[in-house]
1. Starting with the highest mean, order 42-50, 5-13 by the number of other Cβ atoms within 10 Å, averaged over the residues of each peptide.
2. State, as an integer percentage, the relative contact order of the range 1-43 based on alpha-carbon contacts under 8 Å between residues 6 or more apart.
3. Quick one: 3J(HN,Hα) in Hz for the range 54-68, Karplus 6.51/-1.76/1.60 with θ = phi - 60°, rounded, Gly and Pro as x.
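Derivation of every value follows stated rules applied to the coordinates shown; laboratory data play no part. All of these numbers come straight from a predicted model, not from anything done at the bench. Because the Cβ atoms are built from the backbone with ideal geometry, glycine has one as well, and the counts that use them run over all protein chains shown.
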Amino acid sequence: FLGPGEVQMASAIGQAQLVLDLTSLPNPVMGTISAQASDVWRFQAWHRDSVIGIPTSNVTNALAIQLQ
């Protein structure tokens with residue numbers, strides 16, 4: 001998710017929210033696709049961080065969602 005408004009800055013408590021259009025999800029082979037019932041989609045966010053003032057990057061725990 002790199003489109004306009006999809007790259008976000010976290011709030012002061014480290015949260016960000018992205019509302020997804022399930023009819024137009026990015027796909028590396030086909031451009032965009034629609035989610036279907038019984039699909040399992042996995043999400044993980046990359047983020048910049050600071051450890052003792054030293055910039056670094058990290059990823060969140062992954063999340064799997066099965067659509068109904």
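1. Ranking, from highest mean packing down: 42-50, 5-13.
2. 23
3. For the range 54-68, the Karplus-derived couplings read 9, x, 8, 10, 7, 10, 7, 5, 7, 9, 10, 10, 9, 7, 10 Hz, x marking Gly and Pro.
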